[in-house]
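A short reminder: the numbers here are calculations on the coordinates, not readings from a lab. Just so it is clear, the structure is predicted and the values come from calculations on it, not from any experiment. So basically every Cβ, Gly included, is an ideal-geometry build from the backbone, and we count neighbours across all protein chains shown.
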Amino acid sequence: MPDILIADDHPLFRDALKGALKHALPDGDVHEADQVGSLLALIERHPDAELLLLDLNMPGAQGFSALVHVRAAWPGLPVVVVSAREDPLTIQRALAHGAAGFIPKSADLATLVHALRTVRDGGVWAPADAHHHAELAPEEAALARTLATLTPQQFRVLGMVCSGLLNKQIAYELDISEATIKAHMTAILRKLGVHTRTQAVMLAGKLALDQSQVRAPPEEE
C-alpha cells in the first residue's frame, strides 16, 4: 500500500484532499502534517512515500522554502503544490522549483483526480493557462540552491526562527538543548552567508509568496 503525504494546516482542506485521493489513488495510505516540522518528521518516517501534496502557506515555511528543501533532501518524492494562490507567476515558480504539479484549491473533484493521476503516471500537471517552462530569476535560483544545503533539522530551526521564536522556545519545541540550537544557528548563518538572525530571516523571506509579510525576528538577549 503506497504512502501518500498531505501537508496543509487547514483540517477541512486536508479532508477534501483525502476524499480526492480515495478516487485517484484508492490503495494509498494517507498520512497528514499541519506544519513543516511535522512534515519533515513524517517524511523521515515514510521515506518511500510515493507522493506529497504540499500547501505553500504553512507554519515553518516561507513560501517556496519547504518545496525547495523537500526536493533537495528527498529528490525521489514527487511534490504536488496545492495552493489558494492561483496566479501564473506563483504556478511558474512552483514548477521551476521542482513541483511535479500545481493544483489550485478552487479546483473541483474531477480536476483534482485527473491531476493526481497524471502525476502518479509520471507526468506534470498544472492549469492549462500556466506556462510550464518558466525559468527562475538567477537570484532566486541561487537562494534555492543555498537553502537546499541545510539539513532537515537546520531547516526546522530556520523555519521556527522565521516564525518569530527565540532559541529557548525552539529548544523547548524540539526537545533539545539551547546550546544545540545555537550550534544549528551558527551553521545556518554560515551556509546562508549571513551574520545575524535578521539577515537569515530576510534572506529566506525572498522565497515568500508575499514579501511584505516577512518580519524580522526578535533579538536574543
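Between residue 22 and residue 106, what FRET efficiency comes out of the Förster formula 1/(1 + (r/R0)^6) with R0 = 25 Å and r the beta carbon distance, rounded to 0.05? Show your work: numbers first, answer last.
Values: r = 20 Å, r/R0 = 0.81.
Efficiency, from the Cβ-Cβ distance: 0.80.
Taking θ as phi - 60°, what are the ³J(HN,Hα) couplings along region 138-144 by the Karplus curve (6.51, -1.76, 1.60), each to the nearest whole Hz, with x for Gly and Pro?
Each residue's phi maps through the Karplus curve to give x, 5, 5, 5, 5, 5, 4 Hz.
In whole Hz and in residue order, list the ³J(HN,Hα) couplings for region 194-203 that follow from phi through the Karplus curve 6.51 cos²θ - 1.76 cosθ + 1.60, θ = phi - 60°; x for Gly and Pro.
Once θ is set to phi - 60°, the couplings for region 194-203 become 10, 10, 9, 4, 4, 4, 5, 5, 5, 5 Hz.
For region 1-61, what class follows from the C-alpha gyration tensor (a ≥ b ≥ c being the square roots of its eigenvalues): rounded when a/c is under 1.5, otherwise prolate if a/b is larger than b/c, else oblate? Walk me through the numbers before you get to the answer.
On the way: a/c = 2.55, a/b = 1.22, b/c = 2.08.
The shape class here is oblate.
Give the lysines reachable from residue 191 as a straight Cα distance under 29 Å; neighbours fewer than 8 places away on the same chain don't count.
Cross-link targets: 168, 182, 206.
Given a Förster radius of 22 Å and the C-beta distance between residue 174 and residue 145 as r, what FRET efficiency does 1/(1 + (r/R0)^6) yield to the nearest 0.05? Walk me through the intermediate numbers first.
On the way: r = 26 Å, r/R0 = 1.17.
It comes to 0.30.
Can you give me the long-range amide H partners of residue 83? Hydrogens built in the peptide plane at 1.01 Å from N, cutoff under 5 Å, separation of 5 or more residues or another chain.
103, 105
Roughly speaking, what % of Cα-Cα pairs in the chain are separated by over 32 Å, rounded to a whole number?
On the way: 4113 of 24310 pairs.
Considering the chain, 17 percent of its Cα-Cα pairs are separated by more than 32 Å.
Tell me the relative contact order for the chain as a rounded percent, counting alpha carbon contacts under 8 Å between residues six or more apart. Display every interim value, and only then the final one.
On the way: 352 pairs, mean separation 40.5, N = 221.
In percent, rounded to a whole number, it is 18.
Taking the Cα centre of region 154-212 as the origin and placing charges on Cβ (Lys, Arg +1; Asp, Glu -1), which of 189, 176, 159 is farthest toward the positive end of the dipole?
189
Calculate for the chain the 222 nm mean residue ellipticity that helices alone would give, adding -39,500 (n - 2.57) per DSSP H run of length 4 or more and normalising by residue count, nearest 500 deg cm²/dmol. Each step should come with its number before you reach the end.
Details: 10 runs with 106 residues, N = 221.
It comes out at -14500 deg cm²/dmol, rounded to the nearest 500.
On a 0 to 90° scale, report how tilted helix 152-162 is relative to the longest principal axis of the chain, with both axes built from alpha carbons and the result rounded to the nearest 10.
In the chain, helix 152-162 runs at an angle near 70 degrees to the longest axis.
What GluC sites (Glu not before Pro) in region 51-154 are in a loop by DSSP, with at most 14 other Cβ atoms within 10 Å of the Cβ? List each step's numbers first, then the result.
On the way: sites: 86, 135, 139, 140; in loops: 86, 135.
Here the sparse-neighbourhood loop sites are 135.
Kirkwood-based Rg over Rh for region 3-120 (C-alpha set), two decimals?
Numbers: Rg = 12.7 Å, Rh = 13.9 Å.
Taking Rg over the Kirkwood Rh, I get 0.91.
Pull up all non-local amide H partners of residue 3: gap of 5 or more, or a different chain, and H-to-H distance under 5 Å with H placed in the peptide plane.
Under 5 Å from the amide H of residue 3 lie the amide H atoms of 29, 50, each far enough along the sequence or on another chain.
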